[in-house]
Amino acid sequence: MRSRQRMFAAVMRLLLKCLRLGRRRRFRLVRQVEQLWHYGHLCLRSLLYNSFTNGDVVLDSLFEPVYWLVDHVTRWFGVVFVALVIGLTSSIVAIVYICLLPLILQTYTPAWICWHLAYGHWNLIMIVFHYYMAITTSPGYPPQAKNDLTGVSICRKCIAPKPARTHHCSICNRCVLKMDHHCPWLNNCVGHYNHRYFFSFCLFMTLGCIYCSISGWDMFRDAYAAIERMKLLEKERLQVAANQTYYQTPPPTFSFRQRAFHKSVVYLWVLCSSVALALGALTLWHAALITRGETSIERHINRKERQRLQKKGKVSTAHGTGAGWGRARCDVPLSVLQVFRNPYSYGSWDNWKVFLGVDVPRHWLTRVLLPSPHLPHGTGLSWDLPPCVTEQRAPLLAI
């Protein structure tokens, strides 16, 4: 009996030892796998670590193939977009001269005739001039050789000097002075030397579309009603033709000229209204940027830089410079905290004067309301105080 108990105890002890050994080996294997996982994760982070990496950088990296495709499509279709702009604008001008101008001369009073002729041709001249200058004027490129400019960085794509406010265009594959964006409708970059032409074209094109939409509203309603009446009469004519007897005659039909006239008026109003809405929104956006003395790229850069400095508690979230307490992450009075400002802004009114090149009051007529090929202030390589600026507001934090 005792021998059986001893044998049973020995077997149980042996079984427990086996279980413990298996458990130790299993835990040891799990620990080895965890160590290998942490080691591989550490190696991967050490190879890919970047202190500036955030969600935006990761998103840009994921969309890099899409950016490449858009860049190449835009580069090849730029000529098509320019031809489309010229074709649509020419069609509107042809409809106005062929269809609307004879009607205006027959029905309007002499005062309204003079107004439409003067404003319409002035607006057309401004559109054609600024569009031609925008697509043919070089935006400005920095010199490729070394120079004595201060504060110049090196473009990592061009491996060439990169002055302030200069950015690399992936479509043109070169750096552009004071680059705003690459416009496919111009097949050209919008930069230092053609930024005014681009904005003026958008402004006068919007004004022209609004003018056509407002002045042609009554004609559009009459033309649309005539087209609906034509459809109804065409349906009646087909019904009569199907059930025609000897004593029945089909209703009269509209001529090809009448059909073309009414459809052209509807086409003109719909196209002008659509362009006025879309291009008007773009024009307002660029007007707001000009008021702040920024480009489209600088708007994004300044916003990111402001957010970064606010997180570090170096600048205040307030926009003024008065006394008080800021809403930054540290309890520091506004008199101590710096306020982020755009160093290239001279105030709203002076920003417009610098952008339009208005040095004296008569320039509002000769350089803004009339076609003018004058050059912008500066060379785009350095940004000195323009002579038209009345008072320079030194930024508290120049970024």
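The values are calculated or read from the model by the stated rules, or taken from the named source; none is laboratory data. As the structure is a prediction and not an experimental result, all values here were calculated from the model. Please note: Cβ atoms are built from the backbone with ideal geometry, for glycine as well, and neighbour counts cover all protein chains shown. Calculation scope for accessible area: heavy atoms of the full protein, side chains included, ligands and nucleic acids excluded. Shrake-Rupley method; radii C 1.70, N 1.55, O 1.52, S 1.80 Å.
There is at least one residue in the stretch 104-125 that is among the hydrophobic types (A, V, I, L, M, F, W, C), surrounded by 12 or more Cβ atoms within 10 Å (Cβ to Cβ), in contact with a His (Cβ under 9 Å, 6 or more places away or on another chain) and modelled with pLDDT of 85 or more.
Screening the candidates Val152, Val96 for the property of being open to solvent by less than 90 Å² (accessible area, probe 1.4 Å) and at pLDDT 90 or above yields one hit, Val96.
Of all residues in the stretch 71-86, at least one satisfies being closer than 29 Å to Pro371 by Cα, in contact with a helix residue (DSSP H, G or I) (Cβ under 8 Å, 6 or more places away or on another chain) and either surrounded by 13 or more Cβ atoms within 10 Å (Cβ to Cβ) or at pLDDT below 85 (or both). With the structure loaded, tell me whether Tyr197 is of a type in the set (Phe, Trp, Tyr), in contact (Cβ under 8 Å) with a residue 40 or more places away in the chain, crowded, with 19+ Cβ neighbours inside 10 Å and not in a helix (DSSP H, G or I) or whether it fails that test. Judged against the criteria, Tyr197 is not a match. Note on the stretch 260-278: residues that are farther than 15 Å from Ser90 by Cα and over 30 Å from the mean Cα position of the chain (by Cα) amount to 4. Filtering the stretch 288-299 to residues that are among the hydrophobic types (A, V, I, L, M, F, W, C) and open to solvent by less than 20 Å² (accessible area, probe 1.4 Å) leaves Leu289, Ile290. Set side by side, the residues Arg329, Arg308 differ, and just one is modelled with pLDDT under 95, in contact with a helix residue (DSSP H, G or I) (Cβ under 9 Å, 6 or more places away or on another chain) and open to solvent by 80 Å² or more (accessible area, probe 1.4 Å), which is Arg329.
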